Structures are given as structure tokens and as C-alpha cells.
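Heads up, the thing below is written out as C-alpha cells.
The values are calculated or read from the model by the stated rules, or taken from the named source; none is laboratory data. Not measured: the values here are computed from a predicted model. So basically every Cβ, Gly included, is an ideal-geometry build from the backbone, and we count neighbours across all protein chains shown. Calculation scope for accessible area: heavy atoms of the full protein, side chains included, ligands and nucleic acids excluded. Shrake-Rupley method; radii C 1.70, N 1.55, O 1.52, S 1.80 Å.
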Amino acid sequence: MDSLDFLKWMAVYFHDDIACLRVALYLMGTQEPGGKIKATQVQLASALKLNRVHVNRAMRRLYDLKLVHMVDRGLYQLNPQLALRGGTIEVEEPGRPAHRKPAVKKVDQLELIAELAEDPTVPAAFTQLSLPVREPKSPTEAKER
């Protein structure tokens with residue numbers, strides 16, 4: 001699934017949960033190369049003009065769906081199978097003089113997926129994402145599909 005398919009899936013799946021949809025879209029829009037997002041729930045709530053309780057509930061739902069993984073407090077990883085912003089990221093090189101420009105590494109989606117799959121701190125369910133299918137709620141809605 002690429003990010004465009006994911007956006008279509010979100011539009012259908014979160015049709016009745018606008019807060020969750022807004023949080024997911026905001027995370028996608030603020031990700032750094034490699035899918036990392038540096039933000040606290042308080043910052044997300046402020047940026048989206050939502051109550052922190054709604055952001056907390058939305059994040060919990062996104063965790064449960066394996067769309068987001070919390071790396072550390074205030075640092076999230078967007079599942080790279082869904083939406084990945086390409087580019088370069090800075091990498092630490094031991095012994096590199098501080099006055100020199102930092103080394104950079106190009107972000108490759110397949111390499112990142114493999115790297116996360118090998119990381120024991122990343123839940124297996126996150127790396128082996130399987131999106132749920134939303135069942136139609138009414139006969140009319142079923143016909144529209």
C-alpha cells in the first residue's frame with residue numbers, strides 16, 4: 001500500500017472519527033524524512049485546537065491500528081508502509097569534529113522497513129501491518145461501495 005491508497009483508506013475508515021483523522025493527517029504532514037515525528041500530545045492538541053483527551057484517544061486508536069509507534073516520549077514513528085517522506089536524515093559519526101557539517105543518509109522506504117523489522121523495541125504488529133476493513137453500517141452504504 002502506498003500513501004495515496006492509505007489516504008483513501010483513512011477517508012473511509014475514519015468517516016465517523018474526525019479527531020482521529022485530523023491527528024493522523026497532521027502526523028503525516030509533520031513527519032521528518034524517515035517518518036519520525038517530534039511532538040507531544042499537548043503540542044498536537046494545541047496545533048489542532050483539540051482537547052488533549054481527544055488527541056490521547058486518537059493516538060491510542062492509531063497505536064492499536066499499528067499506524068504509529070511511540071519511540072520515546074514526544075517522538076513517534078509513522079509506519080513506513082503507509083506514508084514515508086523521503087529525503088535525507090543526519091547520522092551520527094563517532095569522532096566527527098563538531099565544526100564539520102553532519103553526515104547525512106538518504107532515506108529508502110524498503111531499507112527503513114527492514115531496519116524497523118530488525119529492531120527488537122519495535123512491536124512486530126507494527127512492522128507487519130494489516131489494515132482492518134470497515135464493515136458497511138447500512139444497506140445503502142453497502143451499495144455505495
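Figures for the structure shown
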| item | result |
| --- | --- |
| Verdict on Leu48 being farther than 17 Å from Thr127 by Cα, open to solvent by less than 80 Å² (accessible area, probe 1.4 Å) and without any contact (Cβ under 8 Å) to a residue 60 or more places away in the chain | yes |
| Subset of the range 52-67 (residues that are under 16 Å from Leu21 (Cβ atoms), among the aliphatic types (A, V, I, L, M) and part of a helix (DSSP H, G or I)) | Val55, Ala58, Met59, Leu62 |
| Some residue of the range 107-118 being outside any loop (DSSP other than H, G, I, E, B), open to solvent by 100 Å² or more (accessible area, probe 1.4 Å) and in contact (Cβ under 8 Å) with a residue 12 or more places away in the chain | no |
| Residue match in the range 87-101 (condition: out of contact with any Leu (no Cβ under 6 Å at 6 or more places or on another chain), of a type in the set (Ser, Thr, Tyr) and under 24 Å from Leu131 (Cα atoms)) | no |
| Members of the range 62-71 found to be under 17 Å from Ala39 (Cα atoms) and touching a residue at least 24 places away in the same chain (Cβ under 8 Å), listed by number | Leu62, Leu67, Val68, His69, Val71 |
| Test set (1) under 19 Å from Leu25 (Cβ atoms); (2) of a type in the set (Gly, Ala, Ser); (3) modelled with pLDDT under 90 - Ala58 fails condition number | (3) |
| Residues (in contact (Cβ under 8 Å) with a residue 40 or more places away in the chain, part of a strand (DSSP E or B) and open to solvent by 20 Å² or more (accessible area, probe 1.4 Å)) located in the range 72-103 | Gly87, Thr88, Ile89 |
| Sole residue being at pLDDT below 85 and not small (Gly, Ala, Ser), chosen from Met10, Met70, Met28, Met1 | Met1 |
| Output for the range 11-45, where each listed residue is within 16 Å of Pro80 (Cβ to Cβ) and either touching a residue at least 60 places away in the same chain (Cβ under 8 Å) or hydrophobic (A, V, I, L, M, F, W, C) (or both) | Ala24, Leu27, Met28, Pro33, Gly34, Gly35, Ile37 |
| Counted residues, the range 1-28 - those being loosely packed, with under 14 Cβ neighbours inside 10 Å, of a type in the set (D, E, K, R) and not in a loop (DSSP other than H, G, I, E, B) | 2 |
